[in-house]
Amino acid sequence: MKKTHRLTAGLLCAILAAILVAPAAAHGCHGGRGFGQHTRYSRPVQTSVTVCPYEDCSIAGRHTHSGTVYCGYHHEGGFCDNACRALCPLEDCQIAGRHTHSGTTYCGYHHEGGFCDNACRALCPLEDCQIAGRHTHSGTTYCGYHHEDGFCDNTCRALCPLEDCETAGLHTHGTTTYCGYHHEGGFCDGSCADSVVSGYGHHRGHCSNWA
């Protein structure tokens, strides 16, 4: 009799175990982490944002197409580094550089590309400062060159100081980049690149296109 009860109890335990296991198997959770039915619904994480490839899209900044995030600004490398911001649209705003309106960050400088790439810096306001190029005062970065647009867009370079150097255009000595052309303003503002494209860049003299 005892043997019969033991067999009956064992059979009931087996039935209960089968009932408990069945729902888990139906949901595909029996395979452990990374297996089962749930894995087919996982979506890959987007690690980089490219420039929007749709020619008819006129959305500026970051936006999505079919679940993929793109950037509407024209980044030179083809990828958005999330440093771009829209130019300030308020006509009566006199704030230079980056600032906010209603929680949105804009840039008050006039960038030729139509957006701010965070390369802009204010011109040095200290009249007795003789430092050329980018430098800092009290933790703020300024530029010592006189840019016509009223701000530095990071295209400026010092003129080559080596008298025996015959290299035209941008080149390096050590780790510093210089320009071999003679700019009237005393520094290279990047405009000489246009003269190279036009066929006037293969000399070290003066070009009328330069500032």
Sequence-distant residues sharing a close amide H with THR50 (under 5 Å, placed H): CYS71, CYS80
By average C-beta atoms within 10 angstrom, highest first, the peptides 150-161, 98-109: 150-161, 98-109
Phi-based couplings in Hz for the stretch 159-164 (Karplus 6.51, -1.76, 1.60; Gly and Pro marked x): 6, 4, x, 8, 5, 8
Interchain or long-range residues, amide H under 5 Å from GLY133's placed H: GLY144, TYR145
Note, ³J(HN,Hα) from phi for the stretch 112-129, Karplus 6.51, -1.76, 1.60, rounded to Hz, x at Gly and Pro: 4, x, x, 8, 9, 9, 6, 8, 7, 9, 6, 6, 4, x, 7, 5, 8, 7
Per-bin percent of Cα-Cα distances, the stretch 33-170 [10 Å]: 10, 27, 27, 19, 10, 5, 2, 0
Efficiency of FRET between ASN82 and ALA122 - r from beta-carbon atoms, R0 22 angstrom, step 0.05: 0.45
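No lab work stands behind these numbers, since they all come straight from the coordinates. Since the model is a prediction, treat every value here as computed from it, not as a measurement. Note that each Cβ is placed from the backbone with ideal geometry, even for glycine, and that neighbours are counted across all protein chains shown.
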